[in-house]
1. Hey, which of the strands (runs of 3 or more DSSP E) in the range 331-399, taking only ones fully inside, have at least 1 residues that are under 25 Å from Phe263 (Cβ atoms) and more than 18 Å from the chain's Cα centre (by Cα)?
2. Given the criteria surrounded by fewer than 23 Cβ atoms within 10 Å (Cβ to Cβ) and either in the same structural domain as Ala363 (by TED's automatic domain parsing) or touching a strand residue (DSSP E or B) at 6+ places or on another chain (Cβ under 8 Å) (or both), does Ala247 qualify?
3. Please verify whether Phe94 is within 14 Å of the ligand (Cβ to nearest atom), assigned by TED's automatic domain parsing to the domain that holds Arg213, without any contact (Cβ under 8 Å) to a residue 60 or more places away in the chain and within 22 Å of Gly369 (Cα to Cα), treating the condition exactly as stated.
4. Which is over 30 Å from Thr277 (Cβ atoms) and modelled with pLDDT under 95, of Gly217, Gly211, Gly235, Gly198?
5. Would you mind telling me which numbered condition in (1) modelled with pLDDT of 95 or more; (2) in the same structural domain as Leu361 (by TED's automatic domain parsing); (3) away from the ligand (no atom under 16 Å from the Cβ) Arg27 fails?
6. Within the range 37-50, can one find any residue that is away from the ligand (no atom under 12 Å from the Cβ), at pLDDT 95 or above and touching a strand residue (DSSP E or B) at 6+ places or on another chain (Cβ under 8 Å)?
7. Which of (1) outside the structural domain of Asp127 (by TED's automatic domain parsing); (2) within 16 Å of the ligand (Cβ to nearest atom) is the odd one out, the single condition Ala216 does not satisfy?
Amino acid sequence: MFGRKYSALSVAWHATTGNRYLTPVWRDPEPRDRYDVVVIGGGGHGLATAYYLAKEHGAKSVAVLERAWIGFGNAGRNTTIIRSNYLLPGNLPFYEWSMKLWESLEGELNYNAMVSQRGVLNLYHSDPQRDAFARRGNAMRLHGVDAELLDRNQLQKFAPFLNFDDARFPIQGGLLQRRGGTARHDAVVWGYARAADGSGVDIIQRCEVTGIRTEAGRVVGVETSRGFIRAPKVGIAVAGNSSRLAAMVGLRLPIETHVIQGFVTEPVKPLIPGVITFGAGHFYISQSDKGGLVFGGDLDGYNSYASRGNLPTAEDVCEGGIAILPLIGRIRVLRIWGGMMDMTMDGSPIIDRAPIKGLYLNAGWCYGGFKATPASGWCFAHLIARDELHPVAAHYRLDRFATGHLIDENGRGAQPNLH
Ligand SMILES: Cc1cc2nc3c(=O)[nH]c(=O)nc-3n(C[C@H](O)[C@H](O)[C@H](O)COP(=O)(O)OP(=O)(O)OC[C@H]3O[C@@H](n4cnc5c(N)ncnc54)[C@H](O)[C@@H]3O)c2cc1C
């Protein structure tokens, strides 16, 4: 009676009919012999790409191939922060477009992705850092993005629980983006999956791509654990596995794979209103709707395909937390986990054609990958459908590593372990 549309009325109707008419949220189809487009990777980026291919470009025959289950990778492991407080012209329009898509996502997908614009606050601890944040805030405002530079007095009103006086790195103020915040990571995956499935996309789980077949310099399909699937267009969106997939066609990417860890504590009463980042080390924290404090910090700092981190980094992250929030020292950590992430040599992503016809790359997502999900899917779908770069992702070209047009957002040089 209510079809696939979620509404208060449909919830009430299902409740009164004992949920007898509920159907699976997405199908579990057998892979077909051929598709017009195959997207490899059932994380947020792959699913968003498939959805926008169908919805915005009218693609009728699209499959997402996922070797495990959707959301198994970083899409289900991240610390859920969304923001568009970037500095450089290569990044700002893209991340702001993503923020705009986040703002309308739940209506678009008819799914509660728990998008919560509770604010992202970056703390500064020195005069030069304040100047850098002032510059960043000005760049944001020039691009129509909201930004407020708070001094110590304003910040004390906003976040009185921070350790202003006794900290080893006294807090002088912060850069606040009120429109930033968090979104429930797996709900984003499920929302895109449901909407993509509803638009005719086949989501095929437990289907590992083991090879990419080419003939006369162009892609003709993919070898998988469930047989060969023919497709004239193949998009790679496999996060920390990009180098492995590219190697299947003999391509070497300017990417390293690193592990990054996430942490969650036991639930406590509301404490942290938004997202807060430490400016004198690498630490960021927010509070989930269940009450757990969700936090993280640096990469583990060495290359690895293992989804688990090590204690020295865990210790470093906790030190950062204690420096600004000593009160969390007595809260118990419930879980620590890791995810494999790409790191390009300038820390910014790649959304571009590969040098093989019909093969497209969506790669290099490190810390910024979750917040990028909607715009990444949007721009990658545009690229695959039209074979041209989308204007807001025009800087994410692969050849920038050959021409030297790097997007060095952090200004720290080509050292992946410093980002
Ligand atoms: C601990 C942690 C915290 C993070 N915090 C944030 C944050 O707060 N904000 C933010 O913006 N970003 C954050 N990130 C980064 C973000 O999660 C990733 O950059 C982003 O999720 C990557 O895109 P994705 O969702 O498509 O990746 P994934 O979910 O990893 O999707 C890739 C999929 O490809 C599949 N795959 C791989 N190889 C194959 C194959 N051969 N065949 C078929 N399928 C294959 C994998 O199984 C996986 O499901 C964090 C990451 C981690 C690990």
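1. Details: elements: 333-344, 350-353, 359-363.
Passing ranges, in order: 333-344.
2. Details: surrounded by fewer than 23 Cβ atoms within 10 Å (Cβ to Cβ): yes; either in the same structural domain as Ala363 (by TED's automatic domain parsing) or touching a strand residue (DSSP E or B) at 6+ places or on another chain (Cβ under 8 Å) (or both): yes.
Answer is yes for this residue.
3. Judged against the criteria, Phe94 is not a match.
4. Numbers: Gly211 fails: modelled with pLDDT under 95; Gly235 fails: modelled with pLDDT under 95; Gly198 fails: modelled with pLDDT under 95.
Exactly one of Gly217, Gly211, Gly235, Gly198 is over 30 Å from Thr277 (Cβ atoms) and modelled with pLDDT under 95, namely Gly217.
5. (2)
6. First pass over the range 37-50, keeping only residues away from the ligand (no atom under 12 Å from the Cβ): 37.
Narrowing the set further to residues that are at pLDDT 95 or above leaves 37.
Those left that are additionally touching a strand residue (DSSP E or B) at 6+ places or on another chain (Cβ under 8 Å): 37.
Checked the range 37-50: at least one residue is away from the ligand (no atom under 12 Å from the Cβ), at pLDDT 95 or above and touching a strand residue (DSSP E or B) at 6+ places or on another chain (Cβ under 8 Å).
7. Single failed check for Ala216: (2).
Rundown of residues vs (1) out of contact with any Cys (no Cβ under 8 Å at 6 or more places or on another chain); (2) in the same structural domain as Gly173 (by TED's automatic domain parsing); (3) within 14 Å of the ligand (Cβ to nearest atom), yes/no style:
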site	(1), (2), (3)
Ile324	yes, yes, no
Lys357	yes, no, no
Ala372	yes, no, yes
Gly377	yes, no, yes
Asp399	yes, no, no
His405	yes, no, no
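The values are calculated or read from the model by the stated rules, or taken from the named source; none is laboratory data. Bear in mind that the values here come from a model prediction, so they are computed numbers and not experimental data. Don't worry about glycine lacking a Cβ; one is built from the backbone with ideal geometry, like all the others, and counts go over all protein chains shown.
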